[in-house]
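*Asks:* One structure is given below, represented as structure tokens, and several questions about it will come after.
The values are calculated or read from the model by the stated rules, or taken from the named source; none is laboratory data. Only a predicted model underlies this, so the values are computations on that prediction, with no experimental measurement involved. Cβ placement follows ideal geometry from the backbone for every residue including glycine, while neighbour counts extend to all protein chains displayed.
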Amino acid sequence: MIHKFSSQDRDFDSQLNALVAWESSSNEEINRSVEKIIDAVKQNGDASVLDYTNQFDSLKAHSISELIISHNRLKESFDNLESEQKNALSIAAERIKSYHLNQIQESWTYKEEDGSVLGQKITPLQRAGLYVPGGKAAYPSSVLMNSIPAKVAGVEELIMVVPTPNGVINELVLAAAYVAEVDLVITIGGAQAIAALAYGTESIPKVDKIVGPGNIYVATAKRQVFGQVGIDMIAGPSEILIICDGNTNPDWIAMDLFSQAEHDEDAQAILLCPDEDFIKEVEMSISKLLPTMEREQIIKTSLKNRGALILTQDIDDAVKISNRIAPEHLELSVEDPESILDDIKHAGAIFMGKYSSEALGDYCAGTNHVLPTSSTARFSSPLGVYDFTKRSSIVMASKEGAKKLGKTASVLAFGEGLQAHAKSALYRTDKE
């Protein structure tokens, strides 16, 4: 059901490489299809967005205005929730906001002895777009995770697009949009929604950045419009890696592995542990608990294709392997997680101790669940407030500073053969 091997195996490297290998790429047919949709939206605006929306979502809309969800409708969705759901959404939103408030960066400057001023100006994006998958498989938690950092950053306008196939509207998603104070919600999806956000139409404003998950067509469209707008990332399958010392309930570990495996058949769940007997206990827990899961077949396929229980020499060995994998979610299910935290070099989110299940981060711990996958944690970070701001350098030279720096700049500019650069700097060293 799940791969089992040891870090001491002679072919360990090849086994591990095969296990974690993943290439997120669209085939040529999808690329061409998406390119055609984007070009049509660029040329025809609202008309093409409507045509594709009616075609793909089985709707009969005559104008974009019919697809806009009013603020009152969002409020109605929230008000009509059961009190338990309403409370959970509100608590999660408040915790996410509190966490991300700590990420706010301030502009700064400093003055040199000659009176010159250097610094950095932090400015929020003017307008951001949020893509939310629609229908029955929608995730209100993603609305909160993508919207709230943007609002905390000070984004002036946040536009959410969400498809409603066959007219199916997810009330929890609309309620989450209300809680997160989304400014405009439009029920469109697919590549046509990405194109509309990237280039703008008669009714849909052009945004500066697009965030949020979607299917292969959405991911391909985001890749194709990147450069015209910013994007958050091209996400691969969900991942969890657990380092355990053998002192956690094996049922907890099995269920934590399930928590990511249930996303889809390509999700990855890996346990690293130096205790061979405990690995056997986890394996027994997997067999015992799997038949009780609603997504049993998805979990089973995921574990069979990309899951693993790996015996390590010790915890240090497990940490080295984890850094090599650079997982999206990392659980340090050990007695003293703080003692190894400094050794963790690459991970999207780190869950410390046996009581910190990854699921808390998905919903309400406060940290963001939009995380780098497919080893991109080596150079990427979780979605945050900083993704919705930009930084401008500030240079204000004093008269004395211009003379001093002008000479240095001119030497470098002449060395590069750029005469106008050099003279532009030198002119300010002459008498006025």
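*Asks:* Would you pick out the residues in region 409-432 that are over 43 Å from the mean Cα position of the chain (by Cα) and not small (Gly, Ala, Ser)?
*Replies:* Residues satisfying the conditions are Val411, Phe414, Gln419, Lys423, Leu426, Tyr427, Arg428, Thr429, Asp430, Lys431, Glu432.
*Asks:* Pick out the one residue from Gly154, Gly119, Gly134, Gly167 that is surrounded by fewer than 24 Cβ atoms within 10 Å (Cβ to Cβ) and not assigned by TED's automatic domain parsing to the domain that holds Thr53.
*Replies:* Working: Gly154 fails: not assigned by TED's automatic domain parsing to the domain that holds Thr53; Gly134 fails: not assigned by TED's automatic domain parsing to the domain that holds Thr53; Gly167 fails: not assigned by TED's automatic domain parsing to the domain that holds Thr53.
Checking each option against the conditions leaves just Gly119.
*Asks:* Is it fair to say Asn31 is assigned to a helix (DSSP H, G or I), under 30 Å from Ser203 (Cα atoms) and out of contact with any His (no Cβ under 7 Å at 6 or more places or on another chain)?
*Replies:* Yes; evaluated as a whole, the condition is true for this residue.
Residues checked against (1) touching a His at 6+ places or on another chain (Cβ under 8 Å); (2) at pLDDT below 95; (3) not aromatic (Phe, Trp, Tyr):
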position: Ile91; (1), (2), (3): no, no, yes
position: His100; (1), (2), (3): no, no, yes
position: Gln103; (1), (2), (3): no, no, yes
position: Trp108; (1), (2), (3): no, no, no
position: Ile122; (1), (2), (3): no, no, yes
position: Leu125; (1), (2), (3): no, no, yes
position: Leu130; (1), (2), (3): no, no, yes
position: Pro133; (1), (2), (3): no, yes, yes
position: Lys136; (1), (2), (3): no, yes, yes
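*Asks:* Any idea how many residues of region 311-328 are within 14 Å of Leu19 (Cβ to Cβ) and out of contact with any helix residue (DSSP H, G or I) (no Cβ under 9 Å at 6 or more places or on another chain)?
*Replies:* 1
*Asks:* Another question, if that's okay. Taking Asp256 as the residue in question, decide whether it is touching a residue at least 12 places away in the same chain (Cβ under 8 Å) and touching a helix residue (DSSP H, G or I) at 6+ places or on another chain (Cβ under 7 Å).
*Replies:* Working: touching a residue at least 12 places away in the same chain (Cβ under 8 Å): yes; touching a helix residue (DSSP H, G or I) at 6+ places or on another chain (Cβ under 7 Å): yes.
So Asp256 fits the description; yes.
*Asks:* Looking only at region 348-364, decide whether some residue is outside the structural domain of His100 (by TED's automatic domain parsing), over 30 Å from Pro274 (Cβ atoms), touching a Phe, Trp or Tyr at 6+ places or on another chain (Cβ under 9 Å) and surrounded by 14 or more Cβ atoms within 10 Å (Cβ to Cβ).
*Replies:* The answer is no, given that none of the residues of region 348-364 is outside the structural domain of His100 (by TED's automatic domain parsing), over 30 Å from Pro274 (Cβ atoms), touching a Phe, Trp or Tyr at 6+ places or on another chain (Cβ under 9 Å) and surrounded by 14 or more Cβ atoms within 10 Å (Cβ to Cβ).
*Asks:* If the requirement is being buried (at least 23 other Cβ atoms within 10 Å of the Cβ) and in contact with an Asp or Glu (Cβ under 7 Å, 6 or more places away or on another chain), which of these qualifies: Val211, Val182, Val207? Break it down into steps so the answer makes sense when it comes.
*Replies:* Details: Val182 fails: in contact with an Asp or Glu (Cβ under 7 Å, 6 or more places away or on another chain); Val207 fails: in contact with an Asp or Glu (Cβ under 7 Å, 6 or more places away or on another chain).
Unique residue meeting the criteria: Val211.
*Asks:* Mind checking whether some residue in region 71-89 is closer than 25 Å to Val218 by Cβ, in a helix (DSSP H, G or I) and touching a Phe, Trp or Tyr at 6+ places or on another chain (Cβ under 6 Å)?
*Replies:* Within region 71-89, the first condition is being closer than 25 Å to Val218 by Cβ, and the residues that meet it are 73-74, 77, 89.
From the residues that got through so far, the ones that are in a helix (DSSP H, G or I) too are 73-74, 77, 89.
From the residues that got through so far, the ones that are touching a Phe, Trp or Tyr at 6+ places or on another chain (Cβ under 6 Å) too are 74.
Within region 71-89 (the criterion being closer than 25 Å to Val218 by Cβ, in a helix (DSSP H, G or I) and touching a Phe, Trp or Tyr at 6+ places or on another chain (Cβ under 6 Å)), the answer is yes, since at least one residue qualifies.
*Asks:* Has region 267-283 got any residue that is touching a Ser or Thr at 6+ places or on another chain (Cβ under 9 Å), assigned to a loop (DSSP other than H, G, I, E, B), under 30 Å from Phe388 (Cβ atoms) and assigned by TED's automatic domain parsing to the domain that holds Lys354?
*Replies:* Within region 267-283 (the criterion being touching a Ser or Thr at 6+ places or on another chain (Cβ under 9 Å), assigned to a loop (DSSP other than H, G, I, E, B), under 30 Å from Phe388 (Cβ atoms) and assigned by TED's automatic domain parsing to the domain that holds Lys354), the answer is yes, since at least one residue qualifies.
*Asks:* Taking into account only those residues within region 276-303 that are out of contact with any strand residue (DSSP E or B) (no Cβ under 8 Å at 6 or more places or on another chain) and charged (D, E, K, R), which is nearest to Val20 (Cα to Cα)? Let's see the steps before the verdict.
*Replies:* Going residue by residue through region 276-303, those that are out of contact with any strand residue (DSSP E or B) (no Cβ under 8 Å at 6 or more places or on another chain) are 277, 280-281, 284-301.
Filter again for charged (D, E, K, R), leaving 277, 280-281, 288, 294-296, 300.
Values: Asp277: 25, Lys280: 22, Glu281: 24, Lys288: 26, Glu294: 26, Arg295: 23, Glu296: 22, Lys300: 17 Å.
My answer is Lys300.
*Asks:* Suppose we filter Ser380, Ser322 for residues that are farther than 18 Å from Gln268 by Cα and either modelled with pLDDT of 95 or more or not assigned by TED's automatic domain parsing to the domain that holds Arg95 (or both); which single one remains? Write out each step before concluding.
*Replies:* Details: Ser322 fails: farther than 18 Å from Gln268 by Cα.
Exactly one of Ser380, Ser322 is farther than 18 Å from Gln268 by Cα and either modelled with pLDDT of 95 or more or not assigned by TED's automatic domain parsing to the domain that holds Arg95 (or both), namely Ser380.
*Asks:* Only one of (1) crowded, with 23+ Cβ neighbours inside 10 Å; (2) outside any helix (DSSP H, G or I); (3) touching a residue at least 40 places away in the same chain (Cβ under 8 Å) fails for Met233. Which number is that?
*Replies:* (1)
*Asks:* Scan Asp430, Asp343, Asp336 and give me the residue that is loosely packed, with under 14 Cβ neighbours inside 10 Å, in a loop (DSSP other than H, G, I, E, B) and in contact (Cβ under 8 Å) with a residue 24 or more places away in the chain.
*Replies:* Numbers: Asp430 fails: in contact (Cβ under 8 Å) with a residue 24 or more places away in the chain; Asp336 fails: in contact (Cβ under 8 Å) with a residue 24 or more places away in the chain.
It is Asp343.
*Asks:* Let me ask something additional. Consider only pairs whose beta carbons are under 7 Å apart and that are at least six residues apart or on different chains; among these, list those whose first residue lies in region 290-311 and is more than 16 Å from Ser259 (Cβ to Cβ) and at pLDDT 95 or above and whose second residue is hydroxyl-bearing (Ser, Thr, Tyr) and in a loop (DSSP other than H, G, I, E, B).
*Replies:* If the second residue must be hydroxyl-bearing (Ser, Thr, Tyr) and in a loop (DSSP other than H, G, I, E, B), the pairs left are Ile310/Ser7; Leu311/Ser7.
*Asks:* Here is a follow-up. Just one of the numbered conditions (1) charged (D, E, K, R); (2) surrounded by fewer than 17 Cβ atoms within 10 Å (Cβ to Cβ); (3) touching a strand residue (DSSP E or B) at 6+ places or on another chain (Cβ under 9 Å); (4) assigned by TED's automatic domain parsing to the domain that holds Ile243 is not true of Lys390; which one?
*Replies:* So the condition that Lys390 fails would be (4).
*Asks:* What is the one condition in (1) closer than 14 Å to Val132 by Cβ; (2) modelled with pLDDT under 95 that Met233 does not satisfy?
*Replies:* Tallying (1) closer than 14 Å to Val132 by Cβ; (2) modelled with pLDDT under 95, Met233 fails exactly one: (1).
*Asks:* What strands (runs of 3 or more DSSP E) completely inside region 127-211 contain at least 1 residues that are over 16 Å from Val370 (Cα atoms)?
*Replies:* 127-131, 157-161, 184-186
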